[in-house]
Amino acid sequence: YFEDIVVSFTAYMTLLFHYYQPVKQVLFLLEGDYLVVQMIRMQARVLLGEYHKLLFMPLQELTPERLNEAHVDLIVTNYRPYLLDYALDTDYVLMGSIPTAQDWARVKHQLNPLIDHETF
């Protein structure tokens, strides 16, 4: 009987962590050929789009003012110089030029550490 309660409580907490997590604004600054960038955008939408607001901004449009106006919670990029060009107060994740499952796990952890051991 006690085990049933524990299992139910665990399932309930998992649902809460997934569906009631804070919605965050995630800015993607991507570099690469057209197909690589589109692949990353698709993966981001599939993995994160249901839970967070995603913003894909070309480098030409990125300014410190625009960055502040967007109220970004996390910056995700696959190109290190983007991080060096701006003095960022915002958290960021540097992914590989072609992201791996480990890269996406780091992004998910940065957005919500409570669901590290869960998949969504």
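The values are calculated or read from the model by the stated rules, or taken from the named source; none is laboratory data. Source: prediction; values computed, not measured. Because the Cβ atoms are built from the backbone with ideal geometry, glycine has one as well, and the counts that use them run over all protein chains shown.
Looking only at residues in the range 1-46 that are within 11 Å of the chain's Cα centre (by Cα) and under 16 Å from LEU114 (Cα atoms), which one is surrounded by the most Cβ atoms within 10 Å (Cβ to Cβ)?
Once the filter is applied, the top-ranked residue is LYS24.
Do we have ASP85 as at pLDDT below 90 and touching a His at 6+ places or on another chain (Cβ under 6 Å) here? Before the answer, list the steps.
Values: at pLDDT below 90: yes; touching a His at 6+ places or on another chain (Cβ under 6 Å): no.
Against the criterion (at pLDDT below 90 and touching a His at 6+ places or on another chain (Cβ under 6 Å)), ASP85 does not qualify.
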